[in-house]
Amino acid sequence: MTQPYRITLLPGDGIGPEIMAVAVAVLKAIAPQFDLVFEFQTALIGGAAIEATGQPLPPETLKLARQSDAVLLAAIGGYQWDNLPRQQRPETGLLAIREGLELFANLRPATIFPQLIDASTLKREVVEGVDIMVVRELTGGIYFGQPKGIFTTETGEKRGVNTMAYRTSEIDRIAKVAFETARKRRGKLCSVDKANVLDVSQLWRDRVTAMASQYPEVELSHLYVDNAAMQLVRTPKQFDTIVTGNLFGDILSDEAAMLTGSIGMLPSASLGAGGPGLFEPVHGSAPDIAAQDKANPLAQVLSAAMMLRYGLDQPAAASKIEQAVHGVLAQGYRTGDILSAGTQLVGCQAMGEALLANLES
Ligand code: IPM
Ligand code: MG
């Protein structure tokens, strides 16, 4: 009998449950076609977990995630939790599961769909053919560095502190993922830092440079983050693979996403040293459109495809899902975020049904 894959589902908040429902329906439809068996277990994270348990990442969720073969996450967060103390905010739950599963490598592809070029705010000739992979370090840097907090100085003034720090081992392991990724793509790697100002970036640049000799087939370049932000909108096609730290990667991946027309299209994979990976859309929980059947489920569905490809080593099933996404776009179905002249507006559920119809054909 086929060994079942244990998948932990974390629908989270806002549009999360709606888009997760579509991804699960797609996975269920694809399973028999590739002789796969999925065992889904749903758990709490983010605001939904705060409401039920008082904590954004209940220990049972982390335990379940650790015991599974892969974790599929939708999105977390919402206005009603924005003013809670940091330890109880939804975002803290997301950071805690990344840390708890040691998911240090975050792969964020920004690939433009030919059908969506007109949804981009940039000119067609600038974005046509864009195919970038951002490799973001995810469990270090200023997100996790110590000391951190809001302290009171001797004069009674408040002082907020975060620390951007990287150890050589942390830089080396993400650099290795980045070189390997670039090698499998077009062989170009751009490392982004702020080495003209930050010591932590100087160490980053030194270590990445030192590793280059092990990958003679990869052409390595370096950019300061301010210049990289500019180059991304000026000539995005110069980029193949980008590797950068946690904060710069957070910012540049949103920017890269927008090249493709909508952040509602982009999936991501977070991988660690061997345990289960976590797969989630780059976008957030969009509380303003939650529960109105308006959300774009395609980034979530593409995250399920990334789960099959990178987490479960099922590339054929992943491709089939990706083709179905191309299929619905070619048929003209669009959610509000990617609507353009001559296309047909559909809701989240109808987009899901259109995907299922494509999977059957
Ligand atoms: C992301 C998000 C998160 C991050 C937030 C929600 C904590 O912006 O996944 O890019 O900053 O990493
Ligand atoms: Mg972000």
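The values are calculated or read from the model by the stated rules, or taken from the named source; none is laboratory data. Being a predicted model, the structure only gives us computed values, none of them experimental. Heads up, the Cβs are rebuilt from the backbone with ideal geometry, glycines too, and the neighbour counts pull from every protein chain shown. What goes into the accessible areas is simple: the full protein's heavy atoms, side chains included, and nothing from ligands, DNA or RNA. Shrake-Rupley method; radii C 1.70, N 1.55, O 1.52, S 1.80 Å.
Ile150 falls short on exactly one of the conditions (1) among the aliphatic types (A, V, I, L, M); (2) open to solvent by 60 Å² or more (accessible area, probe 1.4 Å); (3) in a helix (DSSP H, G or I), and that condition is (3). Residue count for region 246-271 under the criterion of being touching a residue at least 40 places away in the same chain (Cβ under 8 Å), near ligand 1 (Cβ under 9 Å from one of its atoms) and in a helix (DSSP H, G or I): the result is 5.
Screening Ala21, Ala49 for residues that are among the hydrophobic types (A, V, I, L, M, F, W, C) and either open to solvent by 10 Å² or more (accessible area, probe 1.4 Å) or within 24 Å of Leu298 (Cβ to Cβ) (or both) leaves exactly one candidate, Ala21. What do you reckon, is Gly100 surrounded by 15 or more Cβ atoms within 10 Å (Cβ to Cβ), within 16 Å of ligand 2 (Cβ to nearest atom) and of a type in the set (Gly, Ala, Ser)? No.
Remark: pairs (first residue in region 133-146, touching a residue at least 24 places away in the same chain (Cβ under 8 Å); second residue open to solvent by 20 Å² or more (accessible area, probe 1.4 Å) and assigned to a loop (DSSP other than H, G, I, E, B); Cβ separation under 6 Å; 6+ apart in sequence or on different chains) = Gly140/Tyr166; Gly141/Met164; Ile142/Asn162; Ile142/Met164. Residues that are modelled with pLDDT of 95 or more, surrounded by fewer than 22 Cβ atoms within 10 Å (Cβ to Cβ) and within 15 Å of ligand 1 (Cβ to nearest atom) are absent from region 234-242.
Counting the residues of region 7-42 that are in contact with a Leu (Cβ under 9 Å, 6 or more places away or on another chain), at negative phi and either assigned to a strand (DSSP E or B) or hydroxyl-bearing (Ser, Thr, Tyr) (or both) gives 9.
Scan region 287-304 and tell me whether some residue there is in a strand (DSSP E or B) and in contact with a strand residue (DSSP E or B) (Cβ under 7 Å, 6 or more places away or on another chain). Scanning region 287-304 turns up no residue that is in a strand (DSSP E or B) and in contact with a strand residue (DSSP E or B) (Cβ under 7 Å, 6 or more places away or on another chain).
Taking the conditions exactly as written (buried (at least 20 other Cβ atoms within 10 Å of the Cβ), of a type in the set (S, T, N, Q) and in contact (Cβ under 8 Å) with a residue 12 or more places away in the chain), does Thr2 satisfy them or not? Judged against the criteria, Thr2 is not a match.
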